[in-house]
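**Student:** Input: one structure, supplied below.
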Amino acid sequence: MNKSKDLNFIKNFIRAVIIIVLLIGVMVFLIDPFFHYHKPWFGLKAVLNDKEYQCIGTLRHFDYDALIVGSSVAENNDNSWYDEAFNCKSIKAIRSYGATADLCYLLDEAFSSGNDIKKIFYNIDPSSLNADVAPTFESTGCPMYLYDKNPLNDIRYLYNKGVIFEKIPYMLVNSYLVDYDENLSYNWAKWKNFGSESALGLYFRPKTKKSMMDETVYDDKLLGNIELLTTEVENHPDTEFYFFFPAYSMLWWDGIYRTGERDAFIHCEKEMVKTLLKYENVRVFCFQDEEEIITNLDNYMDSIHFSPEINKYMLDKMVGDENRMTEANYEDILDNMKNLSDRIVNELIVPYEENGQITYEQ
């Protein structure tokens, strides 16, 4: 009799465990904080703050006709700015460091989603032009079970402790209890301080000033990155591409001058722009030489990352078709930036150096 009771207890226990496990998996599937299976249901909001985990799902499942593409400097854009300015529905395709291969991977996912993509707003970081031409998601530890389409490894998502006890509660709170703005996807500005003290404190100047490299030193990788971008443009002739070079601070220009890379970066930009301007569905804009912005360190958190006001400024200029690069002026614009970088190194940064505000690399 006892054996029969014990056996029934074990069977009931196993059934209960199976039911609980199934319910957990169903709960994760229905709420889906990484949007791996679907767009938000049940009045939930698109709470987006983990780009490596969420961006790929939004590109596959959300409804949109425009993309804001780039690195962390593009994250502080308010999607509604673009929606109102261009009469579109935009979401972000963001990847840290903004390597061309990674961003083109995201573009391919977006174009295969079934959405009719009318506009691409693509932030070109200078370092992306000499980056590796193979995607880096797997090599940098991204959760590939969210990127591949193998349902067998979804168990790592459906039964993930962090998803169950952190991501789902966070999504529920921001959807139902907090006035969360979905247009501020991946936005990090409210947690950061912008100002000269912060920017200078996070800039570590190279100790030695190296000789300027040959400007063609990165040409092998440059050609590969040019091919990646032009392939996207060629394959989607009905999509308008707005490429733009962001307003990095004068500290960044000082840094690449001292590493001897300045001429190579300018050369890479010239070659990329020259090629992109051959296409009718492309516009290119440059904000690197906005002297009043890049020399005012109060606009920056560090040598690269600027405040949302600068994101909005660049958008407004693009809406007005200002700062646009053409075949007639692109070389002059980038030559002027080269001249400005000379002034930065020889004049504009000198007072900070004399006041002991520059920290050197150890």
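The values are calculated or read from the model by the stated rules, or taken from the named source; none is laboratory data. This structure is a prediction, so every number in the text was calculated from the model and none was measured. Here the Cβ is made from the backbone with ideal geometry for all residues, glycine too, and neighbour counts use every protein chain on show. Surface accessibility is based on the protein's heavy atoms, side chains included, excluding ligands, DNA and RNA. Shrake-Rupley method; radii C 1.70, N 1.55, O 1.52, S 1.80 Å.
**Student:** Measuring from centroid to centroid over Cα atoms, what is the spacing of region 147-206 and region 290-325 in Å?
**Tutor:** 24
**Student:** Can you tell me which of 76-85, 134-143 comes out highest on packing, and rank the rest after it, using the mean Cβ neighbours within 10 Å?
**Tutor:** Peptide ranking by packing, descending: 76-85, 134-143.
**Student:** Can you compute 3J(HN,Hα) from phi for each residue in region 188-198, using the Karplus curve 6.51 cos²θ - 1.76 cosθ + 1.60 with θ = phi - 60°, rounded to whole Hz and x for Gly and Pro?
**Tutor:** 10, 4, 5, 9, 10, 9, 10, x, 4, 5, 5
**Student:** Using Cα positions and a limit of under 16 Å, work out the aspartates and glutamates in reach of Lys278, with same-chain residues fewer than 8 apart set aside.
**Tutor:** Within the straight-line cut-off, Lys278 pairs with Glu227, Glu232, Glu234, Asp238, Glu240, Glu269, Glu327, Glu331.
**Student:** Find how many whole Å separate the alpha carbon centroid of region 247-285 from the alpha carbon centroid of region 48-111.
**Tutor:** Here the answer is 22 Å between Cα centres.
**Student:** Give, rounded to the nearest 20 debye, the magnitude of the charge dipole that the chain has about its Cα centre when Lys and Arg contribute +1 at Cβ and Asp and Glu contribute -1 at Cβ.
**Tutor:** My answer is approximately 2240 debye.
**Student:** Amide H to amide H, which residues 5 or more places from Met325 or on other chains are under 5 Å from it, using H placed in the peptide plane?
**Tutor:** Long-range HN contacts for Met325: Val284, Phe285, Cys286.
**Student:** Another question about this same structure. Can you tell me which of Asp148, Asp63, Asp316 moves the most in a GNM of the chain? Springs connect C-alpha atoms under 10 Å apart.
**Tutor:** Of the options given, Asp148 has the highest mean-square fluctuation.
**Student:** Given only helices, namely DSSP H runs of n ≥ 4 each adding -39500 (n - 2.57), what is the per-residue ellipticity at 222 nm of the chain, to the nearest 500 deg cm²/dmol?
**Tutor:** Value at 222 nm, helices only: -13500 deg cm²/dmol.
**Student:** With a 10 Å radius around each residue's Cβ, average the other Cβ atoms per peptide and rank 10-21, 251-262, highest first.
**Tutor:** With the highest mean Cβ count within 10 Å placed first, the list reads 251-262, 10-21.
**Student:** Calculated from the structure, Rg/Rh (Cα atoms, Kirkwood Rh) equals which of (1) 1.06; (2) 0.94; (3) 0.97?
**Tutor:** Identified label for the calculated read-out: (1).
**Student:** Then there is this: Take the residue pairs Lys210/Lys338; Lys92/Lys274; Lys39/Lys221; Lys89/Lys317; Lys118/Lys149 and return only those whose Cα atoms are more than 28 Å apart.
**Tutor:** Going by Cα-Cα distance, Lys39/Lys221 fall outside the 28 Å limit.
**Student:** Could you check how much of the accessible area of the chain is carbon and sulfur, as a whole percent, using a 1.4 Å probe?
**Tutor:** 52
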